[in-house]
């Protein structure tokens with residue numbers, strides 16, 4: 001009897017796991033639209049253009065997944081989320097994936113029951129002040145007692161507390177729900193400093209009327225590995241999103257671009273490129289997709305490097321260097337497991 005009950009429990013658990021893992025991929029295919037959670041607006045990363053079309057570094061990940069799964073990188077419903085609403089939207093099924101500046105942490109992975117599928121930007125938290133304040137360091141005596149604009153529901157809150165505790169100084173937080181509100185308060189002079197990920201600080205600074213009126217201080221007070229995430233237990237869907245991101249990274253490593261992916265998909269002397277683009281192997285079938293899934297993802301907005309340079313790179317208004325976000329072959333941390 002005990003063996004029968006144990007087997008029955010395993011069978012039930014297996015059925016539940018099977019249903020969970022297959023759910024989102026089949027839902028997206030049946031719906032014909034990817035519901036992608038994004039931020040309410042961070043220049044260069046996710047924001048609508050003058051015509052209302054969403055664009056940016058994180059948006060490109062959503063578009064690549066839609067292209068891979070649905071064959072159309074415009075078959076997306078973008079759902080703006082705040083630091084407070086993003087996790088509820090994902091957990092409830094309102095969105096299929098979250099692709100906004102969200103930090104991979106143990107509690108989010110384990111306690112909130114999400115799976116981060118990889119890192120598409122390695123960041124760290126910093127501070128921005130108005131140049132007129134004369135503040136040059138986030139550890140100098142003159143910041144004791146400052147008011148700090150901060151977005152709620154983010155890792156920035158605890159990092160801020162830890163930082164001021166470590167330097168033995170006090171501060172007054174001014175929490176708001178969205179990054180845009182925090183910036184508005186900072187610009188209005190309601191707070192002395194604004195803190196968030198340094199990439200977002202660079203983006204906010206670059207889009208001010210006079211960027212040089214604002215200074216991003218040199219301190220980096222945390223590790224902020226940012227990347228897309230899905231719900232726990234949805235393994236098949238997690239694999240699709242994970243390997244779509246990996247496809248963009250691998251494409252840069254091997255020189256596969258939006259412009260040459262079609263030609264290279266006919267076959268090359270490089271077995272890794274062939275497996276990536278579907279002329280060899282059954283990678284697409286393993287994922288529940290067709291052979292051209294990765295080719296479509298790459299042709300959507302380019303490989304990882306093309307997406308970076310087009311949205312936030314040195315020649316854009318944001319002007320971020322690759323730094324640690326360079327390919328591993330160039331001394332950076334961007335790295336994909338092999339396609340084999």
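For the reader, a short list of remarks on this structure follows.
- Residue count for the stretch 96-113 under the criterion of being surrounded by fewer than 23 Cβ atoms within 10 Å (Cβ to Cβ) and either part of a strand (DSSP E or B) or within 10 Å of the chain's Cα centre (by Cα) (or both): the result is 2.
- Residue in the stretch 250-257 that is touching a strand residue (DSSP E or B) at 6+ places or on another chain (Cβ under 9 Å) and over 19 Å from residue 56 (Cα atoms) present: yes
- Within the stretch 311-325, being surrounded by fewer than 18 Cβ atoms within 10 Å (Cβ to Cβ) and either at positive phi or touching a helix residue (DSSP H, G or I) at 6+ places or on another chain (Cβ under 8 Å) (or both) holds for 315, 316, 317, 319, 322, 323.
- Criterion (modelled with pLDDT under 95 and touching a helix residue (DSSP H, G or I) at 6+ places or on another chain (Cβ under 8 Å)) met by exactly one of 32, 23, 56, 52: 23
- Matching entry among 154, 136 (being in the same structural domain as residue 209 (by TED's automatic domain parsing) and more than 30 Å from residue 239 (Cα to Cα)): 136
- Residues of the stretch 151-172 satisfying the condition of being modelled with pLDDT under 95, touching a helix residue (DSSP H, G or I) at 6+ places or on another chain (Cβ under 8 Å) and within 14 Å of residue 127 (Cα to Cα): 151
- For beta carbons closer than 8 Å, sequence separation of 6+ or different chains, a first residue in the stretch 104-116 that is without any contact (Cβ under 8 Å) to a residue 40 or more places away in the chain and a second that is part of a strand (DSSP E or B), the qualifying pairs are 109/115; 109/116.
- For residue 237, the test of being under 25 Å from residue 46 (Cα atoms) and at pLDDT 95 or above is passed.
- Set side by side, the residues 237, 328 differ, and just one is over 16 Å from the mean Cα position of the chain (by Cα) and surrounded by 15 or more Cβ atoms within 10 Å (Cβ to Cβ), which is 237.
- Test: residue 302 is out of contact with any strand residue (DSSP E or B) (no Cβ under 7 Å at 6 or more places or on another chain) and either buried (at least 20 other Cβ atoms within 10 Å of the Cβ) or within 15 Å of residue 57 (Cα to Cα) (or both): yes
- Qualifying position, being at positive phi and buried (at least 20 other Cβ atoms within 10 Å of the Cβ), among 93, 56: 56
- Here is the figure for the stretch 170-219: residues that are within 14 Å of residue 128 (Cβ to Cβ) and assigned to a helix (DSSP H, G or I) total 19.
The values are calculated or read from the model by the stated rules, or taken from the named source; none is laboratory data. A quick note: this is a predicted structure, and the numbers were derived from the prediction, not measured. Here Cβ is always computed from backbone atoms with ideal geometry, including for glycine, and neighbour counts include all displayed protein chains.
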